[in-house]
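> Mind having a look at this structure? Questions to follow.
The values are calculated or read from the model by the stated rules, or taken from the named source; none is laboratory data. Please read all numbers here as calculations on a predicted model, not as lab measurements. FYI the Cβ positions are ideal-geometry reconstructions off the backbone, even for glycines, and counts take in every protein chain you see. For the accessible areas, the whole protein counts, side chains as well, though only heavy atoms, and no ligand, DNA or RNA atoms are used. Shrake-Rupley method; radii C 1.70, N 1.55, O 1.52, S 1.80 Å.
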Amino acid sequence: MLCFIVLSNSSLKKQAITSIYISVFSYLLFLYLNHLTNSEIEVIKTTTSGRYEIWLLTVSELNWGQLILGNGPGIFEISINNSSPFGHPHNSLIEILNEWGGLALVAIILLISNTIKQSYKHLKKYKKDKLTATVFYSWLGGITYSFVSGVHVMPVSQTLIFVTWGILLGRINKKVPLTISKNKSIKVILCILSFILLTTYLYLCLKSYDIIDPEQGYIVGPRFWSVGKRFEL
């Protein structure tokens, strides 16, 4: 990510290069101290911890229908070499492909690519806009990390990704004119409907959270939004 900042944003080039030097120095210092203490800490992982095998197996087992429309959320389960079953493939792209299909995957790739393109153009034009740069690199870092981890299935991480995405879109499109109705009645109706929808959504989230029972197989953690226990209204 620091190398990408060096190549994409000249105004932050100096800070990024300094950060690279500090990172390298910190790593070398850690190796030295680790050697002095004869620690058995694993410094560098030389395997993918089964991720690569999971990715290959997940993709290879998809048929044409599943490649287009997916299998649906919350049902992924796979085991490698008799290990405990994994609940997600630790790769956001493969997970979207498996759960929602190729159409959804193409759509999300296009949306992310367009956001990156527009952000890059914005930062090239407004080189001193460090706030937008911070939001962009934070969001991009999270997206990149999701390619090798399961961070994207956690409710808090999901929320942060879309919140930062929304802030970023707002920053890079802040000069785009918005057409808003001048009719006060329509504005009042829209405000009321928005308030009702937001209140209902928050109520349903809290209600779903309240009735989750870990002893029945429901958990508060990963996939809270898609597999939260159903309830009767």
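> Kindly provide the set of residues from region 90-119 that are on the phi < 0 side of the Ramachandran plot and in contact (Cβ under 8 Å) with a residue 40 or more places away in the chain, ordered by number.
Asn91, Ser92, Leu93, Glu95, Asn98, Thr115, Gln118, Ser119
> Take Lys175 and tell me if it is at pLDDT below 70, within 30 Å of Ile94 (Cα to Cα) and part of a loop (DSSP other than H, G, I, E, B). Talk me through it step by step, then tell me what you get.
Values: at pLDDT below 70: yes; within 30 Å of Ile94 (Cα to Cα): no; part of a loop (DSSP other than H, G, I, E, B): yes.
For Lys175, the condition - at pLDDT below 70, within 30 Å of Ile94 (Cα to Cα) and part of a loop (DSSP other than H, G, I, E, B) - is not met.
> Going through region 142-168 one residue at a time, which ones are farther than 13 Å from Ser92 by Cα, open to solvent by 20 Å² or more (accessible area, probe 1.4 Å) and either more than 11 Å from the chain's Cα centre (by Cα) or in contact (Cβ under 8 Å) with a residue 60 or more places away in the chain (or both)?
Of everything in region 142-168, those that are farther than 13 Å from Ser92 by Cα, open to solvent by 20 Å² or more (accessible area, probe 1.4 Å) and either more than 11 Å from the chain's Cα centre (by Cα) or in contact (Cβ under 8 Å) with a residue 60 or more places away in the chain (or both) turn out to be Pro155, Gly166, Ile167.
> Would you be able to say whether some residue in region 120-138 is without any contact (Cβ under 8 Å) to a residue 40 or more places away in the chain, open to solvent by 70 Å² or more (accessible area, probe 1.4 Å), assigned to a helix (DSSP H, G or I) and under 30 Å from Ile68 (Cβ atoms)?
Among the residues of region 120-138, not one is without any contact (Cβ under 8 Å) to a residue 40 or more places away in the chain, open to solvent by 70 Å² or more (accessible area, probe 1.4 Å), assigned to a helix (DSSP H, G or I) and under 30 Å from Ile68 (Cβ atoms), which makes the answer no.
Conditions tested, residue by residue: (1) part of a helix (DSSP H, G or I); (2) in contact with a Leu (Cβ under 8 Å, 6 or more places away or on another chain); (3) at pLDDT below 80.
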residue	(1), (2), (3)
Ser26	yes, no, no
Thr46	no, no, yes
Ser49	no, no, yes
Ile68	yes, yes, no
Gly72	no, no, yes
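> Could you list all residues from region 105-118 that are over 11 Å from Trp165 (Cα atoms) and surrounded by 17 or more Cβ atoms within 10 Å (Cβ to Cβ)? Spell out the reasoning first.
The first filter runs over region 105-118 and keeps only residues over 11 Å from Trp165 (Cα atoms), leaving 105-110, 113-114, 117-118.
Of everything in region 105-118, just one residue is over 11 Å from Trp165 (Cα atoms) and surrounded by 17 or more Cβ atoms within 10 Å (Cβ to Cβ), namely Leu105.
> Still on this structure, I have one more. On the basis of being open to solvent by 50 Å² or more (accessible area, probe 1.4 Å), touching a helix residue (DSSP H, G or I) at 6+ places or on another chain (Cβ under 6 Å) and not charged (D, E, K, R), does Ile96 make the cut?
Working: open to solvent by 50 Å² or more (accessible area, probe 1.4 Å): no; touching a helix residue (DSSP H, G or I) at 6+ places or on another chain (Cβ under 6 Å): yes; not charged (D, E, K, R): yes.
No.
> Could you please tell me which pairs satisfy a Cβ distance under 8 Å, a separation of 6+ or placement on different chains, a first residue in region 12-24 that is in contact (Cβ under 8 Å) with a residue 12 or more places away in the chain, and a second residue that is of a type outside the set (Val, Ile, Thr) and open to solvent by less than 50 Å² (accessible area, probe 1.4 Å)?
Pairs that qualify, where the first residue is in contact (Cβ under 8 Å) with a residue 12 or more places away in the chain and the partner is of a type outside the set (Val, Ile, Thr) and open to solvent by less than 50 Å² (accessible area, probe 1.4 Å), are Leu12/Ala133; Ala16/Asn9.
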